[in-house]
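> Next up is a structure, given as structure tokens.
Since every read-out is calculated from the coordinates, none of them should be taken as a lab result. A quick note: this is a predicted structure, and the numbers were derived from the prediction, not measured. FYI the Cβ positions are ideal-geometry reconstructions off the backbone, even for glycines, and counts take in every protein chain you see.
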Amino acid sequence: MTPSDAAISQVLIAKGIKAYFTSRGEVSASPYSGFNICHYTGDSQESVDSCRARLEHCAGLMPGAIIVPRQTHSVNCRVIDSFPVEESDIENVDALVTTLHGVAVGVSTADCVPVLLADTVNGVIAAAHAGWRGAVGGIVDVTLSRMVALGAEPRYIKAVMGPCICRDCFEVGEEVAGQFPDDCVVREEGCKPHVDLPAYVASRLIAGGVSPMCIAMPSACTKCDSDRYFSARALGINSGRNFSMIVMD
């Protein structure tokens with residue numbers, strides 16, 4: 001099934017496992033214009049609810065079956081083992097793991113790396129939000145560990161990264177660049193360093209046992225293409241968020 005909503009794209013991870021990625025859709029002067037389901041960055045609740053209903057419809061999900069954590073750049077990962085989910089259980093959470101069918105787990109991003117994971121053999125899925133703080137703190141490692149605890153095996157895990165900021169756009173200070181390995185940092189004389197955040201995320205997946213052949217890198221840069229995707233660097237933090245989610249039928 002191909003979503004009919006122009007703001008929503010679908011990727012088939014494996015039979016019965018689908019990933020969805022949202023974009024801004026119809027753009028106006030508002031930093032929340034188009035399609036936004038994130039409830040804690042200043043958009044109206046009415047608009048957020050409308051967009052969530054559109055996404056549920058496109059994905060064929062029951063109302064409320066999309067789990068949207070309130071992220072804080074932490075390394076906290078929550079296992080979703082029952083439905084419905086209390087809001088208090090997904091506060092200060094930056095990754096979700098589940099074995100439930102018909103429940104979508106996802107993360108909101110506006111330059112950070114969204115990582116969707118699926119053990120296509122053992123039926124374990126996850127979504128992680130990897131900003132630079134969470135990435136160097138170990139959010140990918142923690143998420144993989146939680147998946148394994150639920151029966152996943154890294155050799156069967158497929159990973160897909162959604163749109164995020166590219167290396168050329170991710171200019172940082174030395175205090176940030178110094179926390180990444182040299183092969184993920186570009187330094188040119190007279191310029192601030194740049195960090196390849198998706199490459200670092202990929203390196204942590206590989207270190208956790210995921211095959212490089214099973215890792216799909218981002219298809220677009222949010223800042224380069226900020227007319228299509230929400231970008232905090234282009235629009236400010238009080239703006240909409242792209243949403244990336246994964247679900248098992």
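> What shape does the range 54-157 have by the C-alpha gyration tensor, where a ≥ b ≥ c are the square roots of the eigenvalues, rounded means a/c under 1.5, and otherwise prolate means a/b greater than b/c and oblate the rest?
Working: a/c = 1.57, a/b = 1.11, b/c = 1.41.
Oblate shape, in that a/c is at least 1.5 and b/c is the bigger or equal ratio.
> Taking H placed 1.01 Å from N in the peptide plane, check which residues at least 5 places from Cys166 or on another chain put their amide H under 5 Å from its amide H.
Distant-sequence amide H within range of Cys166: Thr222, Lys223, Cys224.
> Tell me what the chain gives for mean residue ellipticity at 222 nm when only DSSP H runs of n ≥ 4 count, each as -39,500 (n - 2.57), the sum divided by the residue total, rounded to 500 deg cm²/dmol.
Value at 222 nm, helices only, nearest 500: -5500 deg cm²/dmol.
> Let me ask you something else. Run the reach check for Lys15 against lysines, Cα to Cα strictly under 29 Å, same-chain hits fewer than 8 apart removed. What comes back?
Once the sequence-local lysines are set aside, what remains near Lys15 is Lys158.
> Convert each backbone phi in the range 65-73 into a coupling constant with the Karplus relation 6.51 cos²θ - 1.76 cosθ + 1.60 (shift: θ = phi - 60°), then list the ³J(HN,Hα) values in order as whole Hz, x for Gly and Pro.
Each residue's phi maps through the Karplus curve to give 7, 9, 8, 10, x, 8, 8, 9, 6 Hz.
> Filter the trypsin sites (Lys or Arg not before Pro) in the range 1-85 down to the DSSP loop ones having no more than 13 other Cβ atoms within 10 Å, then list what survives. List each step's numbers first, then the result.
Values: sites: Lys15, Lys18, Arg24, Arg52, Arg54, Arg70, Arg78; in loops: Lys15, Arg24.
For trypsin sites (Lys or Arg not before Pro) across the range 1-85 that sit outside H, G, I, E and B with at most 13 neighbouring Cβ atoms in 10 Å, the list reads Lys15.
> Another question about this same structure. What is the Å³ per residue value for the convex hull set by the Cα atoms of the range 1-56?
Working: hull volume 4.7 nm³, N = 56.
Per residue, the Cα convex hull of the range 1-56 comes to 84 Å³.
> Under a straight-distance cross-link criterion of Cα-Cα below 25 Å, which lysines are reachable from Lys223, leaving out those fewer than 8 residues away in the same chain?
Cα-Cα hits under 25 Å: Lys192.
> Build a GNM of the chain with springs between Cα atoms under 10 Å: which of Thr41, Thr143, Thr98 gets the top mean-square fluctuation?
Answer for the Gaussian network model of the chain: Thr41.
> The range 129-205: which GluC sites (Glu not before Pro) are DSSP loop and have at most 16 other beta-carbon atoms within 10 angstrom?
Working: sites: Glu171, Glu174, Glu175, Glu188, Glu189; in loops: Glu188, Glu189.
Filter output for the range 129-205: Glu188, Glu189.
> At most 13 other Cβ atoms within 10 Å and a DSSP loop assignment: could you name the GluC sites (Glu not before Pro) in the range 61-92 that fit?
Glu86
> Set the Förster radius R0 to 30 Å, insert the Cβ-Cβ distance between Asn238 and Asn76 as r into 1/(1 + (r/R0)^6), and round the FRET efficiency to 0.05. Numbers along the way, then the final one.
Values: r = 24 Å, r/R0 = 0.79.
So the FRET efficiency works out to roughly 0.80.
> Just check the chain against the gyration tensor rule for me: Cα atoms, a ≥ b ≥ c as the square roots of the eigenvalues, rounded for a/c under 1.5, and otherwise prolate or oblate depending on whether a/b exceeds b/c. Write out the running numbers ahead of the final one.
Values: a/c = 1.66, a/b = 1.12, b/c = 1.48.
Oblate, because a/c is 1.5 or more while a/b does not exceed b/c.
> Something else now. Under the classification rounded if a/c is under 1.5, otherwise prolate if a/b is larger than b/c and oblate if not, where does the range 183-249 fall, given a ≥ b ≥ c as square roots of the Cα gyration tensor eigenvalues?
Numbers: a/c = 2.63, a/b = 1.07, b/c = 2.45.
Taking the square roots of the gyration eigenvalues as a ≥ b ≥ c, the range 183-249 is oblate.
> Can you give me the orientation-averaged projected area of the convex hull built on the Cα atoms of the range 24-77, in nm²?
Numbers: hull surface 18.4 nm².
The number I arrive at for the range 24-77 is 4.6 nm².
> Let me ask another. Run the simple label-point estimate for Asp227 and His101 please: 7 Å along Cα→C-beta, distance reported in nm.
Those two pseudo-labels are separated by 4.4 nm.
> Roughly speaking, what is the centre-to-centre gap between the range 1-62 and the range 119-150 when only Cα atoms are used, to the nearest Å?
Value for the Cα centre distance between the two parts: 23 Å.
> So what does the Cα-only Debye profile of the range 135-249 read at q = 0.12, 0.14 Å⁻¹, as log10 I(q)/I(0), no solvent term?
-0.51, -0.69
> Using a Förster distance of 25 angstrom, determine the FRET efficiency expected from the C-beta separation of Asn122 and Ser219, and round it to 0.05.
Details: r = 27 Å, r/R0 = 1.07.
My answer for the efficiency is 0.40.
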